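Report on the structure given below.
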Amino acid sequence: MRNCCLILFVVMILSGCWDIKEVEQQLYIHALSVDYKDGKYLLYGQVIDFNSLAKQEGAASRQPQTIATVKGTGETINDAAFDLYTTAQQRYSWEHITAIVYTQNLLKSGKIVHVNDFLKRYYQIRNILWTFGTNDPVEEVFSAKPILNITVLYSQLSNPDDIYKQSSSIKPIQLFELDRKLSEPAFTTHIPYLSVAEKTWKENRKEHSVVYINGSGFLNGKKYLGFLSRDELLGDRWMTKKVNRTKLSIKEDNKTIVVGPTINIKSKITPVILNNKVKFTIDVKADFKTTEILKQKTHKELKKLAENEIRKQIEETYKKGLKKQIDIYELSDVLYKQKNKEWKKIAQNGVIPLDPDTINKINVNVTVLNTEQLKNK
């Protein structure tokens, strides 16, 4: 009798989860995008089929995936979110969102702080979302799928850090880090921009659109400063912490003569006072692997050429930012933390005035490494 009661009790416990939903009974929002036009918020959701993703686990071949995009509009973000429910065919799940994409209109409007406040207050959204900007139509960004039926869970939209580790160019940023930087008075915040590449990939001889990071937008607080392309930001990678591996091409007479990955990059910015003016000294160290040599050079020559190229890229990116009043290397923040009294004297709205001579000196020290079976003579 006692055993029967115990069995009955266990059965009752196991059958007690009456409100559990099966995978196919919900719609899963994978990414969000927020736009702002004519005084209204436009909230976009990228909806994926988790049921088909589950079927791919352990399968020999990848199955085609379906991606849907839904849009809601409202005077507040909550209004826009509830507008999404109007045409929903099943219950939405907000717990699996991996990315948030801000349109350029939203960034220019200064509403990003309000958007992030909403995201932090909603309990189903985590603060580790990857954050992006875009100037492309959101529907195109959300409709682009990875090639070879790779799951969208491993695309640049939801997993940019994996690609960054192999080729470090523009560092991805997560929501908690973005919030911290927006709240810092002297910080210039970088937001990677997504774009759609339509002619890079072909699948079965048909063009296949994919998303990629094509540059960065910049904010000081909630003020939008502008956009710089990937090519304009070549110098920024030498100044970014935790750069894993990035390509360095050395040219002579406008022709590439040496190419290879650069690793172990370390940078330091030091504020100095010269003639009652604040200047900055930049120190960069890196190891350069010469994996492709098109014109023979001595070890000493390669070292000098690599150092000159890195210094040149740092200078050119600084000048590109200066044209748009973007503190690209966050010099204001360096002064704020290291020499706060001087920062208070000259800062205007959290940012110190910059000019072409603000960077006093750039010291670059490159170690040229032997690579593979060949050694530099």
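The values are calculated or read from the model by the stated rules, or taken from the named source; none is laboratory data. Since we're looking at a predicted model, the values are computed, not measured. FYI the Cβ positions are ideal-geometry reconstructions off the backbone, even for glycines, and counts take in every protein chain you see. Accessible surface is based on the protein model in full, side chains and every heavy atom, while ligands, DNA and RNA are left aside. Shrake-Rupley method; radii C 1.70, N 1.55, O 1.52, S 1.80 Å.
The residue of the range 320-341 that is least open to solvent (accessible area, probe 1.4 Å), among those that are in contact with a strand residue (DSSP E or B) (Cβ under 6 Å, 6 or more places away or on another chain) and farther than 21 Å from LEU228 by Cα, is LEU335.
ARG230 meets each of the listed conditions (1) in contact with a Gly (Cβ under 7 Å, 6 or more places away or on another chain); (2) open to solvent by less than 20 Å² (accessible area, probe 1.4 Å) apart from (2).
Where helices (runs of 4 or more DSSP H) fall wholly inside the range 97-214, the ranges with 2 or more residues that are open to solvent by 50 Å² or more (accessible area, probe 1.4 Å) and more than 30 Å from ASN340 (Cα to Cα) are 112-121, 138-143, 160-166.
Yes or no, residue by residue, for (1) closer than 23 Å to VAL243 by Cβ; (2) of a type outside the set (Asp, Glu); (3) touching a strand residue (DSSP E or B) at 6+ places or on another chain (Cβ under 9 Å); (4) open to solvent by 90 Å² or more (accessible area, probe 1.4 Å):
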residue	(1), (2), (3), (4)
SER267	yes, yes, yes, no
VAL278	no, yes, yes, no
LYS297	no, yes, yes, no
ASN349	no, yes, yes, yes
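Taking GLU301 as the residue in question, decide whether it is over 25 Å from the mean Cα position of the chain (by Cα), surrounded by fewer than 18 Cβ atoms within 10 Å (Cβ to Cβ) and free of Cβ contacts under 8 Å to residues at least 12 places away in the same chain. So GLU301 fits the description; yes. Looking only at the range 348-377, residues that are assigned to a loop (DSSP other than H, G, I, E, B) and either at pLDDT below 90 or of a type outside the set (A, V, I, L, M, F, W, C) (or both) come to 13 in all. Consider only pairs whose beta carbons are under 8 Å apart and that are at least six residues apart or on different chains; among these, list those whose first residue lies in the range 146-166 and is free of Cβ contacts under 8 Å to residues at least 12 places away in the same chain and whose second residue is open to solvent by 50 Å² or more (accessible area, probe 1.4 Å) and among the hydroxyl-bearing types (Ser, Thr, Tyr). Going by the 8 Å Cβ cut-off, the qualifying pairs are ASP162/TYR154.
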